[in-house]
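Read-outs throughout are calculated quantities, based only on the coordinates presented, and are distinct from any laboratory measurement. Since this is a predicted model, take the numbers as computed values, not measurements. Cβ sites come from the backbone with ideal geometry, for glycine too, and all protein chains shown count toward neighbours.
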Amino acid sequence: MTDTDFTIRHATLSDTDFISDAIIGAEKSGTTRCGLATLFGLDETQLKTYLISMLEEEIEGCELSIDSFLLAEKDNSPVAATAGWVENAGDELPSNQAKANLIGYTFPHSNLMTMRDNAHLMKGLSIERETATLQFEYVYVAPEARGHGLAARLIEAHIEHTKKTHREVTRGQLQVFCNNDNAIGLYERLGFEVKQSYRSSEDDVLSFLPHNEKLLMEILFQ
Amino acid sequence: MNRDELSEAVKAIIIDTVKHDDFVMSEELTATDVSGWDSLSHMSIITGIEQKFSVKFKLKELNKLKNMSSLLDLILSKMQ
């Protein structure tokens, strides 16, 4: 299998099954803990169903927007995905509100109450997304497709696309848990630099999330 | 309940969620004006409003909200 066997394309509604798996895989950051499931008291099967429902709403401008995703595929099957969107572009809502509206509308009330009880765990780990930056989320490559540079190709494709569609945007940002050495190494090789680190001091955070520390990394476009 | 009373009740829900009152309640208020009003607290505030006033918002309605004025308008329209 050569790197040219893979093609990059925009996601469509026919990709929601793979993208929901990609979101769950990326959320785990190499661990077994998926914050979107644990914090809301959901199992992964339930979460996947709700993720597909949210993607099908076709809300724009956040990490749960089908329009935000680029995919790598081989033989017409997706094997890697990454979300990227320009924060607060035009008259769109800030992405954190768009995402919160989607979750609040989709998840059962009891699970929202569970999240309310767990919200303290996120104190210190909530990172504001800067207006007019390209934001990345959910960088995921299926295990069988790793080692072909697909994550790098997807990130670079997002940057090149944004340079054409939003000429005013000159920076990209992503958030990564500190345990994910492979991902951090990749981002550094692509030109990302650590801008700030964030830490939760809650004792039980590691029961819910992959790590208690996150990095905000930034790249200036060439 | 008139608009001023509703505004005070919504303010109380915001304070209960973000755990401070370091903001000025106005028709122009947005989430970015309130420290701690992030995605998690946004969910709690909206859920709190739905419970308090026995209303249910549609996703389209939530995504059209621009500021406190449009939120108060939406709640009042649901309570009629």
### Query
Based solely on its DSSP helices, what 222 nm [θ] is calculated for chain A when runs of n ≥ 4 H residues each add -39,500 (n - 2.57) and the sum is averaged over all residues, nearest 500 deg cm²/dmol?
-10500 deg cm²/dmol
#### Entry: Stokes-Einstein D (µm²/s) once Rh is taken as the Kirkwood radius of chain A over alpha-carbon pairs, at 25 °C in 0.890 mPa s
138 µm²/s
### Message
Considering only C-alpha atoms, what is the centroid distance from region A:141-167 to region A:66-96, in Å?
### Response
10 Å
### Task
Take the alpha carbon atoms of region B:3-79, find their radius of gyration, then divide it by 2.2 N^0.38 Å using N residues; give the quotient.
0.99
### Query
When the Karplus curve 6.51 cos²θ - 1.76 cosθ + 1.60 is applied with θ = phi - 60°, which whole-Hz ³J(HN,Hα) does each residue of region A:86-93 get, with x for Gly and Pro?
8, 5, 6, 6, x, 9, 6, 5
### Message
Taking the Cα centroid of region A:124-140 and of region B:1-56, what is the distance between the two, rounded to the nearest whole Å?
### Response
24 Å
### Query
How far is helix A:181-190 tilted, in degrees, relative to the longest principal axis of the Cα atoms in chain A, given as a value from 0 to 90 rounded to the nearest 10?
40 degrees
### Task
With r as the distance between the Cβ atoms of residue A:144 and residue B:35 and R0 = 30 Å, compute the FRET efficiency 1/(1 + (r/R0)^6) and round to 0.05.
0.10
### Message
If I require 18 Å or longer along the helix axis, counting alpha carbons, and a Kyte-Doolittle average no lower than 1.6, what helices from chain B are left? Use full DSSP H segments.
### Response
none
### Query
Does region A:117-222 come out rounded, prolate or oblate by the C-alpha gyration tensor, with a ≥ b ≥ c the root eigenvalues, rounded set by a/c under 1.5 and, if not, prolate when a/b is larger than b/c and oblate if not?
oblate
#### Entry: Derived scalar couplings ³J(HN,Hα) [region A:48-63; Karplus, 6.51 cos²θ - 1.76 cosθ + 1.60; whole Hz; x for Gly, Pro]
4, 4, 5, 4, 4, 4, 5, 4, 6, 5, 6, 5, 9, x, 8, 6
